[in-house]
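Accompanying notes for the structure given below.
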Amino acid sequence: MTELVVRVLVAAGLGIQAVIHLKLAPNYQLAFPDGIGAGTLFRIEAAAAILAGLYLLARGSRPAYLLAAAVALGGLAAVVLYRYVDVGSFGPMPAMYEPIWFFEKTLSAIAEAAAGVLALVGALLAGRISRHDTPATAGSRR
């Protein structure tokens, strides 16, 4: 796989993550209409995924891949944690325990896992590419 293909696949995974979180956010906000609810957190997650995907598409650098991996794998960690562990609420954070899997949740988790792993692969590829650049071509990629 070329680096560009990996970059596009990671951005697509982040896009799926963002769309699903934006779609689900309104219903998850119902329990906390005026405060920090799961819907607000879903919107923040979606914004982070969109920004990380755009940054990755624009730059394709190792830091861009690492940011994409952090966003994707952070989302995956949260969905798995709140699926299996009743953390409860703490501070302004709502209780988000939901011990079920449904289509959108599963699709988002799969997209996050794939995007996260591919972003780590992309970070390795981006590092290899930059180490093999000659001084004359190093500036042309940026």
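Structural remarks
- Meets criteria (in a helix (DSSP H, G or I) and either touching a residue at least 12 places away in the same chain (Cβ under 8 Å) or basic (K, R) (or both)) for L14: yes
- Any hit, the stretch 85-97, residues being within 30 Å of A126 (Cα to Cα) and among the small types (G, A, S): no
- Qualifying residue in the stretch 89-110 (condition: buried (at least 19 other Cβ atoms within 10 Å of the Cβ), acidic (D, E) and either part of a helix (DSSP H, G or I) or modelled with pLDDT of 95 or more (or both)): no
- The stretch 32-50 residues that are within 14 Å of A78 (Cα to Cα) and modelled with pLDDT of 90 or more, paired with ones that are outside any helix (DSSP H, G or I) and of a type in the set (A, V, I, L, M, F, W, C) (beta carbon under 6 Å, 6 or more apart): A38/M96
- Those residues of the stretch 5-24 which are among the aliphatic types (A, V, I, L, M) and either surrounded by fewer than 17 Cβ atoms within 10 Å (Cβ to Cβ) or over 16 Å from V79 (Cα atoms) (or both), in sequence order: V5, V6, V8, L9, V10, A11, A12
- Residues located in the stretch 25-42, provided they are in a helix (DSSP H, G or I) and either surrounded by 19 or more Cβ atoms within 10 Å (Cβ to Cβ) or in contact with a Pro (Cβ under 7 Å, 6 or more places away or on another chain) (or both): A25, Y28, Q29, A38, G39, L41, F42
- The set of residues from the stretch 73-88 being among the β-branched types (V, I, T), loosely packed, with under 14 Cβ neighbours inside 10 Å and within 20 Å of V117 (Cβ to Cβ) comprises just one member, V80.
- Looking only at the stretch 17-31, and only at residues there that are within 25 Å of A113 (Cβ to Cβ) and of a type in the set (G, A, S), the one that is modelled with the highest pLDDT: A18
- Meets criteria (in contact (Cβ under 8 Å) with a residue 40 or more places away in the chain, surrounded by 15 or more Cβ atoms within 10 Å (Cβ to Cβ), within 17 Å of A123 (Cα to Cα) and hydroxyl-bearing (S, T, Y)) for Y55: no
- V87 touching a strand residue (DSSP E or B) at 6+ places or on another chain (Cβ under 9 Å) and closer than 23 Å to G35 by Cβ: yes
The values are calculated or read from the model by the stated rules, or taken from the named source; none is laboratory data. Remember, predicted model here, so these are calculated numbers, not experimental data. As a convention, Cβ positions derive from the backbone with ideal geometry for all residues, glycine included, and neighbour counts pool all protein chains shown.
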